[in-house]
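A.B. asks: My structure is below; once you've seen it, I'll send some questions.
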Protein chains: 2
Amino acid sequence: MTADGFKIAIVGATGAVGREMIAVLESRPFPISNCVPFASPRSRGKPISLRGKSYACHVLEPGCFRGVDFAFFDASDEVSREWVSEALSAGAWVVDNSGVHRMDPETELSVPEVNGQGLDRLVAAGAGARKLVAGPNCTTVQLVAALKPLSDRYGLKRVSVSTYQSVSGAGAAAMEELRAQLKSEATGGQVEAKVLKHPIAFNLIPQIGSFDAEGHTSEEKKVIEETRKILGLPRLPIACTAVRVPTLACHAESVSVELEKAFDLPDVRALLSNAPGVQLEDDPAQGRYPMNRDCAGRDPVYVGRLRRDPSLDHGLQFWVVSDNLRKGAALNAIQIAERIALLLR
Amino acid sequence: MTADGFKIAIVGATGAVGREMIAVLESRPFPISNCVPFASPRSRGKPISLRGKSYACHVLEPGCFRGVDFAFFDASDEVSREWVSEALSAGAWVVDNSGVHRMDPETELSVPEVNGQGLDRLVAAGAGARKLVAGPNCTTVQLVAALKPLSDRYGLKRVSVSTYQSVSGAGAAAMEELRAQLKSEATGGQVEAKVLKHPIAFNLIPQIGSFDAEGHTSEEKKVIEETRKILGLPRLPIACTAVRVPTLACHAESVSVELEKAFDLPDVRALLSNAPGVQLEDDPAQGRYPMNRDCAGRDPVYVGRLRRDPSLDHGLQFWVVSDNLRKGAALNAIQIAERIALLLR
């Protein structure tokens, strides 16, 4: 770190999350003295503009993290598996948005508003600690942000969630694919699926990731396991169905929660209104509830359609929408770095 | 009825469901001697082709159902409220797909594969019975088709469903609107919402129908109340979140069911495979599960993603897709008429 700020590295700088990282850094005061964007060989030398300066894309190679204070990994599991240890060896703090390290018992899995104390403990541990923090799956981030205040006040007995996930969760190429398929649909052309497993235009794909022997997808298991870890509730019963839908930005979730204790709805409303990172958008009479088109490009986790679940004693239903690239990945990673940076001072 | 078959009337013949009625009648052996299509005044005289004959659209007026054996109502609640009694007075059997009469305690609400015995009783009652049968909400039809065999064998303790409903559920104009909005999106134009409350291109609208004081929508309440009525389980706990998604055809549902008894998955699989009107499409390892693009224009209610709900003792999760205009409305109405016609012979 120099007097001006931190030297940061962004691995996957030209991808969907990497680009969102740049956009988020433009609008937040995280102190940066230098930036090294990493991308695949075909983007080598490509200029990335950040805060008025231009940085050329580099390719990952031994020694490439020298002098880096914070390395953000927004690439594939494979890249994280190969290069995170290199960044750690170079002495950098690593914020890894891949799925590789999330469930390591020793790795902090962090949504700062929800379990930021874990970051505090990590920094306090000093030189002995591994300077690695994992960012959760985007679908998990927005779910735990909404569940945390409910968990603290009422206790969670069971959580059931059905997701409506935009194609941006599968990267920039999937967004292009949806646009191209819709164009083909409009002109009577052939609809081709290359990035996603099936056509997504005017379609729903009830598979994100791969299946286990019991019929659950890896995405569904991530939501279940990561939510338990972040909330510190290793046995919390959770059910999840994850579905890809033909939206470009934001993930939405239909959530039903069984609480341990009786609750008043106005209480829950106040609780969520005051929860950090959460914005209540809930005035059905006025047609106000969270929607993808309104939430895209924004920071909060939006919650609406708050109501009693008529099928349960202490049941609560709600609808959560958040920008999966932003709070679900890029913003959350930067918030992790911000909290660590504050503690390092 | 003549020796050739029945005189039928289709109210709303130029609408999304009306057009599907014609398509379904083309492929089924329901005996028709004559057809009177009814539409709004601006479609008066418009020719409707059915089984090689052309029928001009009429406008509803007193006496217009004279001689009609079966009158299918596929128009608005307002039209049904005004004209169903006229059709009944003329002696016709009425199959009403509107929401007006569904919850009348005296009105049969029918999905023939599920509770067709009600139709049998109605016909057996003879001259004294009101010859009115209601077709359920499209979202209900596909849900009860999948629940019925589970209910019979294992008993239902609780049902929770999140829906993914195509714009065709809001009629042909909503389909046009989605296409127009996507075109605007592709060309950088203005996205306008006139038919639906909000833009639906690349968006999700968690409101179908209007809200009650508790925050549930009329669509959600229809699913809850109609499912209970059709399954004959007036106190069944059901939770529903109904969401409009940017697909053109078919509704999809993420369903979690808590059963009364323990179950084996292979048993459930066999049960659903043999259930009338249901087709199991469930081979996740091969990427096979029900999807809108595959199910559109087809008769069955498709069920897949069958698995244990890990958060419940006797919990089952699955994914249901069916063509909302076809089995959800047009086909179901014709199946009702077919069953009645068989019994009348």
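A.B. asks: Might you let me know whether region A:236-251 holds any residue that is among the charged types (D, E, K, R) and either out of contact with any strand residue (DSSP E or B) (no Cβ under 9 Å at 6 or more places or on another chain) or within 23 Å of A:Ser311 (Cβ to Cβ) (or both)?
C.D. replies: No, because not a single residue in region A:236-251 is among the charged types (D, E, K, R) and either out of contact with any strand residue (DSSP E or B) (no Cβ under 9 Å at 6 or more places or on another chain) or within 23 Å of A:Ser311 (Cβ to Cβ) (or both).
A.B. asks: Does B:Ser256 satisfy the condition of being touching a helix residue (DSSP H, G or I) at 6+ places or on another chain (Cβ under 9 Å), closer than 27 Å to A:Glu281 by Cα, among the hydroxyl-bearing types (Ser, Thr, Tyr) and not assigned by TED's automatic domain parsing to the domain that holds B:Pro112?
C.D. replies: When the stated conditions are applied, B:Ser256 does not pass them.
A.B. asks: Could you tell me whether A:Glu185 is free of Cβ contacts under 8 Å to residues at least 40 places away in the same chain, touching a helix residue (DSSP H, G or I) at 6+ places or on another chain (Cβ under 9 Å) and not in a loop (DSSP other than H, G, I, E, B)?
C.D. replies: So A:Glu185 passes the test.
A.B. asks: Among the residues of region A:283-304, how many are on the phi > 0 side of the Ramachandran plot and in a strand (DSSP E or B)?
C.D. replies: 0
A.B. asks: Against the definition (surrounded by 24 or more Cβ atoms within 10 Å (Cβ to Cβ), in contact with a His (Cβ under 7 Å, 6 or more places away or on another chain) and among the hydroxyl-bearing types (Ser, Thr, Tyr)), how does B:Thr107 come out, yes or no?
C.D. replies: The answer is no for B:Thr107.
A.B. asks: Output the residue which, of all residues in region B:264-282 that are within 23 Å of A:Phe202 (Cβ to Cβ) and either of a type in the set (Asp, Glu) or touching a residue at least 60 places away in the same chain (Cβ under 8 Å) (or both), is nearest to the other protein chains (Cβ to nearest Cβ).
C.D. replies: If we take residues in region B:264-282 being within 23 Å of A:Phe202 (Cβ to Cβ) and either of a type in the set (Asp, Glu) or touching a residue at least 60 places away in the same chain (Cβ under 8 Å) (or both), then B:Asp282 is nearest to the other protein chains (Cβ to nearest Cβ).
A.B. asks: Does region A:221-248 hold any residues that are among the small types (Gly, Ala, Ser) and surrounded by fewer than 24 Cβ atoms within 10 Å (Cβ to Cβ), and which are they?
C.D. replies: The one that is among the small types (Gly, Ala, Ser) and surrounded by fewer than 24 Cβ atoms within 10 Å (Cβ to Cβ): A:Gly232.
A.B. asks: Could you pull out the residue among A:Gly304, A:Gly297 that is farther than 30 Å from B:Arg235 by Cβ and of a type outside the set (Lys, Arg)?
C.D. replies: Exactly one residue qualifies, and that residue is A:Gly297.
A.B. asks: If I go through region B:283-301 residue by residue, how many of them are within 11 Å of chain A (Cβ to nearest Cβ) and under 17 Å from the mean Cα position of the chain (by Cα)?
C.D. replies: Within region B:283-301, residues that are within 11 Å of chain A (Cβ to nearest Cβ) and under 17 Å from the mean Cα position of the chain (by Cα) number 3.
A.B. asks: A further question on this structure: Looking at (1) out of contact with any Gly (no Cβ under 8 Å at 6 or more places or on another chain); (2) in the same structural domain as B:Leu312 (by TED's automatic domain parsing); (3) not aromatic (Phe, Trp, Tyr), find the lone condition where B:Ala129 falls short.
C.D. replies: That leaves (2) as the condition not met.
A.B. asks: Among the residues of region A:305-345, what is the count of those that are assigned to a strand (DSSP E or B) and either among the hydroxyl-bearing types (Ser, Thr, Tyr) or more than 14 Å from every other protein chain (Cβ to nearest Cβ) (or both)?
C.D. replies: 1
A.B. asks: Return the pairs, sorted by first residue and then second, in which the second residue is of a type in the set (Ser, Thr, Tyr), the first residue lies in region B:299-311 and is within 20 Å of B:Asp323 (Cα to Cα), the beta carbons are less than 8 Å apart, and the residues are 6+ apart or on different chains.
C.D. replies: Note: pairs meeting the criteria are B:Pro300/B:Ser322; B:Val301/B:Ser322; B:Tyr302/B:Ser322; B:Gly304/B:Tyr289; B:Arg305/A:Thr241; B:Arg305/B:Tyr289.
A.B. asks: Quick one: A:Glu260 ticks every box in (1) within 14 Å of another protein chain (Cβ to nearest Cβ); (2) under 19 Å from B:Ser160 (Cβ atoms) except a single one, so which number is it?
C.D. replies: Condition (1) is where A:Glu260 drops out.
A.B. asks: If you take the residues of region B:169-220 that are under 19 Å from A:Ser254 (Cβ atoms) and of a type in the set (Asp, Glu), which of them is farthest from the chain's Cα centre (by Cα)?
C.D. replies: Here the residue is B:Glu214.
A.B. asks: In this structure, does B:Pro300 turn out to be touching a strand residue (DSSP E or B) at 6+ places or on another chain (Cβ under 7 Å), under 23 Å from B:Arg19 (Cβ atoms) and surrounded by fewer than 24 Cβ atoms within 10 Å (Cβ to Cβ)?
C.D. replies: So B:Pro300 passes the test.
A.B. asks: Would you confirm, using the coordinates I've provided, whether B:Thr163 is at pLDDT 95 or above, within 14 Å of chain A (Cβ to nearest Cβ), crowded, with 20+ Cβ neighbours inside 10 Å and closer than 20 Å to B:Val17 by Cβ?
C.D. replies: Yes.
A.B. asks: How many of the residues in region A:190-220 are more than 7 Å from chain B (Cβ to nearest Cβ) and crowded, with 19+ Cβ neighbours inside 10 Å?
C.D. replies: Residues that pass the stated criteria total 7.
A.B. asks: Also, quick follow-up: Would you call A:Pro112 crowded, with 19+ Cβ neighbours inside 10 Å and either of a type in the set (Asp, Glu) or under 19 Å from A:Leu233 (Cα atoms) (or both)?
C.D. replies: Criteria met by A:Pro112.
A.B. asks: Another question about this same structure. Which residues, taken from region A:180-189, are surrounded by fewer than 21 Cβ atoms within 10 Å (Cβ to Cβ) and either more than 7 Å from chain B (Cβ to nearest Cβ) or among the β-branched types (Val, Ile, Thr) (or both)?
C.D. replies: Result: A:Ala180, A:Ser184, A:Glu185, A:Thr187, A:Gly188, A:Gly189.
A.B. asks: Now for a separate question. Could you pull out every one of the strands (runs of 3 or more DSSP E) wholly within region B:92-171 that has 2 or more residues that are polar (S, T, N, Q)?
C.D. replies: B:156-165
A.B. asks: Please work out which one of (1) over 30 Å from B:Asp152 (Cβ atoms); (2) buried (at least 23 other Cβ atoms within 10 Å of the Cβ) is the condition B:Val17 fails and give its number.
C.D. replies: Unmet for B:Val17, out of (1) over 30 Å from B:Asp152 (Cβ atoms); (2) buried (at least 23 other Cβ atoms within 10 Å of the Cβ): (1).
A.B. asks: So how many residues does region A:208-256 have that are farther than 27 Å from B:Leu182 by Cα and assigned to a loop (DSSP other than H, G, I, E, B)?
C.D. replies: Of the residues in region A:208-256, 13 are farther than 27 Å from B:Leu182 by Cα and assigned to a loop (DSSP other than H, G, I, E, B).
A.B. asks: If you go through region A:1-14 one residue at a time, how many are modelled with pLDDT under 95, out of contact with any Leu (no Cβ under 9 Å at 6 or more places or on another chain) and either charged (D, E, K, R) or part of a loop (DSSP other than H, G, I, E, B) (or both)?
C.D. replies: Matching residues across region A:1-14 total 2.
A.B. asks: Continuing with this model, one more query. Tell me, please, whether a residue that is part of a loop (DSSP other than H, G, I, E, B) and buried (at least 23 other Cβ atoms within 10 Å of the Cβ) can be found in region B:21-38.
C.D. replies: Scanning region B:21-38 turns up no residue that is part of a loop (DSSP other than H, G, I, E, B) and buried (at least 23 other Cβ atoms within 10 Å of the Cβ).
A.B. asks: Could you look through region B:134-158, keep only residues that are over 19 Å from the mean Cα position of the chain (by Cα) and hydrophobic (A, V, I, L, M, F, W, C), and pick out the one that is nearest to the other protein chains (Cβ to nearest Cβ)?
C.D. replies: Among those residues, the one meeting the criterion is B:Leu156.
A.B. asks: To continue, here is another question. When you check B:Ile48 against the structure, is it touching a residue at least 60 places away in the same chain (Cβ under 8 Å) and touching a strand residue (DSSP E or B) at 6+ places or on another chain (Cβ under 6 Å), yes or no?
C.D. replies: Answer is no for this residue.
The values are calculated or read from the model by the stated rules, or taken from the named source; none is laboratory data. Only a predicted model underlies this, so the values are computations on that prediction, with no experimental measurement involved. Every residue, glycine among them, receives a Cβ derived from its backbone with ideal geometry; neighbour counts consider all protein chains shown.
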